[in-house]
Number of protein chains: 2
Amino acid sequence: MSRWAPNARERLETAALDLFVENGYEETTVAQIADRAGLNRATFFRHFADKREVLFGGEDVLSGLFADAIQAASPDATLIECLQAALAAAEVVMTPHRRATAARRVLVVAANSELQERGLLKHARIATSISAALRERGADELTARLGAEVGMLAFSVAFQRWMGANDDEPFPPFAAAALRDLQVRAAELDSQSRLSA
Amino acid sequence: MSRWAPNARERLETAALDLFVENGYEETTVAQIADRAGLNRATFFRHFADKREVLFGGEDVLSGLFADAIQAASPDATLIECLQAALAAAEVVMTPHRRATAARRVLVVAANSELQERGLLKHARIATSISAALRERGADELTARLGAEVGMLAFSVAFQRWMGANDDEPFPPFAAAALRDLQVRAAELDSQSRLSA
């Protein structure tokens, strides 16, 4: 077992997901995950703080990608353009490996409320990061918080659609479409049309 | 200790919060909470599934109040009017007791990531409940999910403002104002104005 195994992180993620699906999340130990990946426990803990984190590594990366993209957007950018830039920047973590494992990951998380809670905490932290980046560009607090919620909802919708799409379609067009769909509906919140179908 | 003590639920909530502030959440046991409230452990577990739940009892009630109010709204109601009806219905749980304990509760939750996670899970379940109620009235899925996020954000903003307000001001006007503030900003998401200040 090499201390600096290549792709250790990805191998641990794949091994964990395989074991969670086969034996259940609760029943799987960190030692078993490391063993299945051909690594040791110490290597696991160099990459992940605990067993739950192995399912949410991508989320910490997203938070930084989103904030950086908002900061780097053109000085003339509108709020929606800032959100578009943020979601497009997610492309680097929306890899074929992530797509291939996404459906199983969703199932594992949905089956365990402890995992759902961790996922929601990550989600909330990403939203806070988007909101802070929007405020730094001059958005008032409510606009920044609304922008962050709309951005996160667009990301979730885009992710669901991308996950179910065929072949290796890139992520950014899904993000742009979801954001456009939500923008139209946000504008309609102001309308006087009755909700009933 | 009476098996059917009056206000047992409220007494347990108050005792728990006092102990969490005095000794820390981790260090406090269910037995200590029950003891401080002048009740026993069995009574605690008749009201709450575990120690964390004692901080989030109101959330389960909110979920039902919101969904019922959306269902009962006039057939001509717009989406925003449905959300207004939902948030106004929260008034029954926005009691003087809740306001008096709110600031301490926020501090206790913020200091513990396990509690933050539970709070987020409750939040997500309420959002799902709003979204389902909006879909039942004919909203498409994205409109319902956006409506639920806007409603929850309005609720959070209104709660923060209400918590900090003087005297015994009722909750509904805070909810209506927060929703109006967000509605204006949602309409502006469509605008072409640059974000920079």
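The values are calculated or read from the model by the stated rules, or taken from the named source; none is laboratory data. Predicted model only: the values in this text are computed from it and were never measured. Cβ atoms come from the backbone with ideal geometry, glycine included; neighbour counts cover every protein chain shown. Heads up: the accessible areas ignore ligands, DNA and RNA and are worked out on the full protein's heavy atoms, side chains in. Shrake-Rupley method; radii C 1.70, N 1.55, O 1.52, S 1.80 Å.
Tell me the residue from A:50, A:60, A:76 that is assigned to a loop (DSSP other than H, G, I, E, B) and within 26 Å of residue B:52 (Cβ to Cβ), please. Steps first, answer last, please.
Details: A:60 fails: assigned to a loop (DSSP other than H, G, I, E, B); A:76 fails: within 26 Å of residue B:52 (Cβ to Cβ).
Going through A:50, A:60, A:76 in turn, the sole match is A:50.
Considering only residues in region A:64-107 that are surrounded by fewer than 18 Cβ atoms within 10 Å (Cβ to Cβ) and of a type in the set (Val, Ile, Thr), the one that is nearest to residue A:22 (Cα to Cα) turns out to be A:106. Pairs are defined by a Cβ separation below 6 Å, a sequence spacing of at least 6 or placement on different chains, a first member in region B:156-176 that is within 15 Å of residue B:87 (Cβ to Cβ), and a second member that is open to solvent by 80 Å² or more (accessible area, probe 1.4 Å) and part of a helix (DSSP H, G or I); the pairs so defined are B:171/B:91; B:172/B:91; B:174/B:161.
Looking for something modelled with pLDDT of 95 or more and under 25 Å from residue B:165 (Cβ atoms) - is there at least one such residue anywhere in region B:5-15? Checked region B:5-15: no residue is modelled with pLDDT of 95 or more and under 25 Å from residue B:165 (Cβ atoms).
A single entry from A:22, A:10, A:26 fulfils the requirement of being assigned to a helix (DSSP H, G or I) and in contact (Cβ under 8 Å) with a residue 60 or more places away in the chain: A:10. Which one is nearest to the chain's Cα centre (by Cα) among residues in region B:25-53 that are under 21 Å from residue B:106 (Cβ atoms) and loosely packed, with under 15 Cβ neighbours inside 10 Å? Selected residue: B:50.
Considering region A:173-197, the residues that are open to solvent by 30 Å² or more (accessible area, probe 1.4 Å) and more than 22 Å from residue B:191 (Cα to Cα) include one that is modelled with the lowest pLDDT, namely A:197.
Only one of the numbered conditions (1) within 25 Å of residue A:134 (Cβ to Cβ); (2) in contact with a Pro (Cβ under 9 Å, 6 or more places away or on another chain) is not met by residue B:168, and that is (1).
Return yes when residue A:72 is within 23 Å of residue A:161 (Cβ to Cβ), free of Cβ contacts under 8 Å to residues at least 24 places away in the same chain and out of contact with any Asp or Glu (no Cβ under 6 Å at 6 or more places or on another chain) and no when it is not. Quick ask: steps written out before the conclusion?
Working: within 23 Å of residue A:161 (Cβ to Cβ): no; free of Cβ contacts under 8 Å to residues at least 24 places away in the same chain: yes; out of contact with any Asp or Glu (no Cβ under 6 Å at 6 or more places or on another chain): yes.
The answer is no for residue A:72.
Can you name every one of the helices (runs of 4 or more DSSP H) wholly within region A:88-197 that holds 3 or more residues which are at the interface with chain B (Cβ under 10 Å from one of its Cβ atoms), within 21 Å of residue B:143 (Cβ to Cβ) and out of contact with any strand residue (DSSP E or B) (no Cβ under 9 Å at 6 or more places or on another chain)? Spell out how you get there, then give the answer.
On the way: elements: A:96-110, A:113-136, A:141-164, A:172-188.
Per the criteria, A:141-164, A:172-188.
Assessment of region A:42-50 against the conditions (of a type in the set (A, V, I, L, M) and within 14 Å of chain B (Cβ to nearest Cβ)) yields at least one matching residue. If you go through region A:120-153 and keep only what is in contact (Cβ under 8 Å) with a residue 40 or more places away in the chain, farther than 16 Å from residue B:152 by Cβ and open to solvent by 20 Å² or more (accessible area, probe 1.4 Å), you end up with A:125, A:129, A:132, A:136, A:137, A:143.
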